[in-house]
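The values are calculated or read from the model by the stated rules, or taken from the named source; none is laboratory data. Keep in mind the model is a prediction, meaning the values are calculated, not measured. Every residue, glycine as well, gets a Cβ built from its backbone with ideal geometry; the counts of neighbours run over all protein chains shown.
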Ligand code: 13P
Ligand code: SF4
């Protein structure tokens, strides 16, 4: 039996839901039940009545699915698929900030560990951060871990005071204004669409900055026929699938998240077969990291 057919058959037998982020390989996206950005996938995880969730993404995504489904098994095809930015915030800094600024809302990007979520007031993703932060009663926001996303949101919510985390995504941080200018020389008619995890000078040169789903939606609606894409290369699969007449160029070579690329058809099949790599969180983390995640869903709804 072909591997794809085997995955489909096992998925049915196990009553499993396969979720895949836009950054995983196209062949995994093709076999998944849902493909999306981190907010959409987290919603799908919250809604499911399947017995098993296999999350083709990175650990913080699978952890969020587990928090929203404490009674279900959530598997990561490769247990080592992690997001380095998720670890770029600390509990001690949060506690220190809370002492200095009593009216503080600690806003944590979903790209964070369950421990960081547990010490935060609310989670956000790049697609709902402006809405969620705007809705908070607090006037001072400590936005962690991503300093680039924090600055992007701060510009859109000028009425609040922001304190920025110092984390970054190694993939998006590596894009420079020079890369964007060089890509524009190569493709002068193209619009520039970037993820807000890119540095400010890159976002400032773009025509649109938004989540992976936002980029895909923008490209579909735009009258333009060519686009320079400033995010992980995996989004090309959906961009090209939805827009066969349009052309998409990566802003630079090497826009690859090595952790997302740890997901493969082989380890997806193995996860369905043997149920290994279940995501487990401590009782304390389960209890304390869920409310900020739930609050995000309530506000972003
Ligand atoms: P999205 O929320 O846009 O899917 O982004 C997740 C991510 O990890 C970006 O690097
Ligand atoms: Fe984390 Fe960056 Fe990979 Fe997204 S692309 S999962 S932020 S390392």
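Filtering region 228-239 for residues that are in contact (Cβ under 8 Å) with a residue 12 or more places away in the chain and surrounded by fewer than 17 Cβ atoms within 10 Å (Cβ to Cβ) leaves an empty set.
For region 179-187, does any single residue satisfy the condition of being at pLDDT 95 or above, in contact with a helix residue (DSSP H, G or I) (Cβ under 6 Å, 6 or more places away or on another chain) and within 16 Å of ligand 1 (Cβ to nearest atom)?
Quick first cut of region 179-187, residues at pLDDT 95 or above only: 179-187.
Imposing the further condition that a residue be in contact with a helix residue (DSSP H, G or I) (Cβ under 6 Å, 6 or more places away or on another chain) reduces the set to 180.
So of that shortlist, the ones also within 16 Å of ligand 1 (Cβ to nearest atom) come out as none.
No, region 179-187 contains no residue that is at pLDDT 95 or above, in contact with a helix residue (DSSP H, G or I) (Cβ under 6 Å, 6 or more places away or on another chain) and within 16 Å of ligand 1 (Cβ to nearest atom).
Taken together, the criteria place residue 163 among residues that are away from ligand 1 (no atom under 14 Å from the Cβ) and either touching a helix residue (DSSP H, G or I) at 6+ places or on another chain (Cβ under 8 Å) or under 29 Å from residue 4 (Cα atoms) (or both). Could you look through region 240-259, keep only residues that are more than 16 Å from ligand 1 (Cβ to nearest atom) and part of a loop (DSSP other than H, G, I, E, B), and pick out the one that is farthest from residue 215 (Cα to Cα)? Of everything passing the filter in region 240-259, 253 is farthest from residue 215 (Cα to Cα).
In the set 293, 281, which member is surrounded by 17 or more Cβ atoms within 10 Å (Cβ to Cβ), within 23 Å of residue 42 (Cβ to Cβ), modelled with pLDDT of 95 or more and out of contact with any strand residue (DSSP E or B) (no Cβ under 8 Å at 6 or more places or on another chain)?
Details: 293 fails: out of contact with any strand residue (DSSP E or B) (no Cβ under 8 Å at 6 or more places or on another chain).
Exactly one residue qualifies, and that residue is 281.
Residue pairs whose Cβ atoms lie under 9 Å apart, sitting 6 or more positions apart in sequence or on different chains, and linking a residue in region 62-86 that is without any contact (Cβ under 8 Å) to a residue 40 or more places away in the chain to a partner that is assigned to a loop (DSSP other than H, G, I, E, B) and surrounded by fewer than 24 Cβ atoms within 10 Å (Cβ to Cβ), are 69/48; 72/48; 72/50; 72/51. Here residue 272 meets each of (1) within 16 Å of ligand 1 (Cβ to nearest atom); (2) part of a helix (DSSP H, G or I); (3) surrounded by 19 or more Cβ atoms within 10 Å (Cβ to Cβ) with one exception, condition (1). Looking across region 43-58, the residues that are farther than 20 Å from residue 5 by Cβ and surrounded by fewer than 24 Cβ atoms within 10 Å (Cβ to Cβ) come down to 43, 44, 46, 47, 48, 49, 51.
Against the condition more than 20 Å from residue 288 (Cβ to Cβ) and crowded, with 20+ Cβ neighbours inside 10 Å, how does residue 4 come out, does it pass? Taking the combined requirement at face value, the residue does not satisfy it.
Residue-wise test of (1) surrounded by fewer than 23 Cβ atoms within 10 Å (Cβ to Cβ); (2) on the phi > 0 side of the Ramachandran plot; (3) away from ligand 2 (no atom under 16 Å from the Cβ); (4) in a loop (DSSP other than H, G, I, E, B).
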{"residue": "93", "(1), (2), (3), (4)": "yes, no, yes, no"}
{"residue": "99", "(1), (2), (3), (4)": "yes, no, yes, no"}
{"residue": "111", "(1), (2), (3), (4)": "no, no, no, yes"}
{"residue": "127", "(1), (2), (3), (4)": "yes, no, no, yes"}
{"residue": "131", "(1), (2), (3), (4)": "yes, no, yes, no"}
{"residue": "143", "(1), (2), (3), (4)": "no, no, no, no"}
{"residue": "151", "(1), (2), (3), (4)": "yes, no, no, no"}
{"residue": "163", "(1), (2), (3), (4)": "yes, no, yes, no"}
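Among residues of region 188-224 being without any contact (Cβ under 8 Å) to a residue 24 or more places away in the chain and assigned to a loop (DSSP other than H, G, I, E, B), the one that is farthest from ligand 1 (Cβ to nearest atom) is 188. Among the residues of region 82-91, those identified as over 20 Å from residue 278 (Cα atoms) and assigned to a loop (DSSP other than H, G, I, E, B) are 88, 89, 90. Spot the failing condition for residue 290; the list is (1) closer than 24 Å to residue 80 by Cα; (2) in a strand (DSSP E or B), and only one is missed. Going through (1) closer than 24 Å to residue 80 by Cα; (2) in a strand (DSSP E or B) one by one, residue 290 breaks only (2). Contact annotation: residue pairs with Cβ atoms under 8 Å, 6 or more positions apart or on different chains, pairing a residue in region 148-162 that is modelled with pLDDT of 95 or more with a partner that is part of a loop (DSSP other than H, G, I, E, B) and loosely packed, with under 15 Cβ neighbours inside 10 Å, are 159/139; 160/139; 161/139. One residue stands out among those in region 166-181 that are closer than 24 Å to residue 258 by Cβ and more than 13 Å from ligand 2 (Cβ to nearest atom): the one that is nearest to the chain's Cα centre (by Cα), which is 166.
Among the criteria (1) buried (at least 19 other Cβ atoms within 10 Å of the Cβ); (2) in contact with a helix residue (DSSP H, G or I) (Cβ under 6 Å, 6 or more places away or on another chain), the one residue 82 does not fulfil is (1).
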